[in-house]
């Protein structure tokens, strides 16, 4: 293995061993709040991410137009992702009737790892399997996931309304989705 190939692996090992799966805050976020909201007039349309979910069924972000989508990027090896998974499953069960849909994006190289994670955490929402980030690379500039967990909030019109750069709790998801649910589609 060449030195150039070892450096990314070394950086990943340091990040994982320190318990962090996310980089320093991007501009607009802070150490206190990892949330960055986007004013309605400045929102960009999210691309129609499409692919197979962990069970092999086709899933499309566009199928959830009219709902507020919590697009959560995760991997089974990410400790903070493991911690937030039960919270997101509860949110899906509790807020689905109000028009909220959680959609995961699994970054695991092997689908079997993602399926095991899905079963272990009893995820109540589908997860698009995107190990090479082909779908995520379609996101507009400034919204591409650079660390995990990473969450985008998509409004009812299919536009990116907020991003969250840290593990989420039910209360944080509710705080972001409530005003989005109140907006006109």
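The values are calculated or read from the model by the stated rules, or taken from the named source; none is laboratory data. Since this is a predicted model, take the numbers as computed values, not measurements. Note that each Cβ is placed from the backbone with ideal geometry, even for glycine, and that neighbours are counted across all protein chains shown.
Annotations for the structure displayed:
- Selected residue (criterion: surrounded by the fewest Cβ atoms within 10 Å (Cβ to Cβ)) from residues of segment 91-122 that are touching a strand residue (DSSP E or B) at 6+ places or on another chain (Cβ under 7 Å) and closer than 16 Å to residue 149 by Cα: 118
- Residue check: residue 151 meets all listed conditions (1) in a loop (DSSP other than H, G, I, E, B); (2) buried (at least 23 other Cβ atoms within 10 Å of the Cβ) but one, namely (1).
- Single condition residue 145 does not satisfy, out of (1) touching a strand residue (DSSP E or B) at 6+ places or on another chain (Cβ under 8 Å); (2) over 22 Å from residue 54 (Cα atoms); (3) modelled with pLDDT under 95: (2)
- Residues that are in contact (Cβ under 8 Å) with a residue 24 or more places away in the chain and either within 17 Å of residue 35 (Cα to Cα) or outside any strand (DSSP E or B) (or both) within segment 92-101 comprise 92, 93, 94, 95, 98, 99, listed in sequence order.
- Residue within segment 128-135 that is surrounded by 13 or more Cβ atoms within 10 Å (Cβ to Cβ), without any contact (Cβ under 8 Å) to a residue 24 or more places away in the chain and more than 17 Å from residue 163 (Cβ to Cβ) present: no
- Residue that is nearest to residue 131 (Cα to Cα), among those in segment 65-91 that are free of Cβ contacts under 8 Å to residues at least 60 places away in the same chain and more than 12 Å from the chain's Cα centre (by Cα): 76
- Within segment 160-185, the residues that satisfy the criterion of being outside any helix (DSSP H, G or I), in contact with a strand residue (DSSP E or B) (Cβ under 9 Å, 6 or more places away or on another chain) and closer than 21 Å to residue 97 by Cα are 161, 168, 183.
- Residue satisfying condition, being closer than 23 Å to residue 42 by Cα and either modelled with pLDDT of 95 or more or touching a helix residue (DSSP H, G or I) at 6+ places or on another chain (Cβ under 8 Å) (or both), within set 172, 98: 172
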